[in-house]
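A.B. asks: Pasting a structure here, questions to come.
The values are calculated or read from the model by the stated rules, or taken from the named source; none is laboratory data. Everything numeric in this text was worked out from a predicted model, so none of it was measured. Virtual Cβ from ideal backbone geometry, glycine too; neighbours counted across all protein chains shown. Accessible surface areas use protein heavy atoms only, side chains included; no ligands, DNA or RNA. Shrake-Rupley method; radii C 1.70, N 1.55, O 1.52, S 1.80 Å.
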Amino acid sequence: GRRAVCARRTPPPPTRVTTPRVRPQPTGRRGVASSRGLGGDQVEGRQAVRELLIAGKRRVREVWMVDEGDDAPVLRDIRELAADARVPVRQVGRGRFAAQARCEAPQGVLALAAPLPEHDLDELAEGRDGEPAFLVALDGITDPGNLGAILRSAECAGVTGAILPRHRAVHVTPTVTKAAAGAVEHVPMAIVPGLPSALLRLRDRGVHVVGLDAAADRTLYDMAGGDGPICLVLGSEDRGLSRLVRARCDEVVAIPMRGVLGSLNV
């Protein structure tokens with residue numbers, strides 16, 4: 001089920017603990033990631049901003065809200081969380097807000113924050129909290145709404161990390177933060193120069209790499225290596241898995257569908 005947006009959780013202390021092997025990346029102007037960095041420095045949408053404040057993992061400079069007298073519970077929660085974290089809340093007119101916002105439906109709330117940290121691939125391969133790695137690698141996803149939806153589903157499924165190519169793929173834009181509804185705060189992400197070489201590196205570290213393809217002969221339920229560390233590879237919207245990426249997978253499987261449509265978009 002969907003998480004209740006007005007459920008209050010106590011934010012962590014404002015003191016930030018620096019995690020080893022995590023390095024902030026530069027971003028472009030006005031909240032859009034540069035070609036080098038992960039992005040995420042402009043967060044849009046009520047749930048996304050609320051989760052940013054609750055997580056307390058990166059510095060938040062300020063929160064913008066449209067000044068229209070809306071007193072929804074989630075907005076009250078955001079104001080209280082911001083006050084607890086000593087983050088200023090700026091009430092702005094709709095025109096000024098629209099000039100700053102980047103996604104289609106920011107819900108009258110955005111936050112300006114430090115960029116998301118970029119994690120190391122070897123770190124993700126180690127798993128998290130004593131559990132084996134459960135990773136998702138994205139082969140050329142270009143639609144920000146798709147990336148946000150994938151990260152949201154991945155976080156709910158317990159994925160311990162995501163891997164994005166540095167080039168020819170979308171990174172964390174404001175539209176991604178809105179669609180992810182806070183998942184970007186909880187799914188560690190690594191950016192790699194090339195996905196085929198990154199998958200080989202994962203295999204060398206004992207991670208079973210599984211490509212997803214609707215035309216595969218076997219289904220997800222029949223795959224061979226689901227008991228230990230695993231990485232699911234999702235192909236792009238238009239062409240699916242690239243040739244080199246497919247060649248680096250230990251196996252390729254399909255998600256069976258019973259409906260008429262033959263596509264899961266990504």
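A.B. asks: Explain nothing, just the number: dipole magnitude of the chain about its Cα centre with +1 on each Lys and Arg Cβ and -1 on each Asp and Glu Cβ, in debye rounded to the nearest 20.
C.D. replies: Values: 37 positive and 32 negative charges, 171 e Å.
Approximately 820 debye in magnitude.
A.B. asks: Using 7 Å Cα-to-Cβ label points, what is the HIS167/ASP238 separation (nm, one decimal)?
C.D. replies: Taking the simple label geometry, HIS167 and ASP238 are separated by 1.7 nm.
A.B. asks: Let me ask another. FRET efficiency for ALA224 and ASP129, Cβ-Cβ distance as r, R0 = 25 Å, nearest 0.05? Could the numbers behind the result be given before it?
C.D. replies: Values: r = 26 Å, r/R0 = 1.03.
E(calc), rounded to 0.05, equals 0.45.
A.B. asks: Now a separate question. Take ALA98 and THR142, extend 7 Å from each Cα along the Cα→Cβ direction, and tell me the distance between the two endpoints in nm.
C.D. replies: According to this spin-label approximation, the distance is 2.9 nm.
A.B. asks: Please work out the ratio of the alpha-carbon Rg of the chain to 2.2 N^0.38 Å and round it to two decimals.
C.D. replies: Details: Rg = 19.1 Å, N = 266, 2.2 N^0.38 = 18.4 Å.
Computed over Cα atoms of the chain, the ratio equals 1.04.
A.B. asks: With a 1.4 Å probe and every protein chain kept in, tell me what percent of the accessible surface of the chain is carbon plus sulfur. Present the calculation step by step, with values, prior to reporting the outcome.
C.D. replies: Working: 6740 of 13360 Å².
Percent of accessible area from carbon and sulfur atoms in the chain: 50.
A.B. asks: Now for a separate question. Just for the chain, what percent of DSSP beta bridges are antiparallel, to the closest 5? Can you show the working numbers first?
C.D. replies: Working: 13 of 40 bridges.
Antiparallel bridges make up about 30 percent of those DSSP assigns within the chain.
A.B. asks: Something else: Which angle from 0 to 90°, rounded to the nearest 10, does the C-alpha axis of helix 73-84 make with the longest principal axis of the chain?
C.D. replies: Relative to the chain, helix 73-84 is tipped by roughly 80 degrees.
A.B. asks: Among 126-137, 90-101, 111-122, how do they line up from the highest to the lowest mean number of other beta-carbon atoms within 10 Å?
C.D. replies: Values: 126-137: 16.7, 90-101: 13.6, 111-122: 19.7.
Ranking the peptides 126-137, 90-101, 111-122 by packing returns 111-122, 126-137, 90-101.
A.B. asks: Just the accessible area per residue of the range 114-234, please: how many Å² with a 1.4 Å probe?
C.D. replies: Values: 4750 Å² over 121 residues.
Averaged over the residues of the range 114-234, the accessible area is 39 Å².
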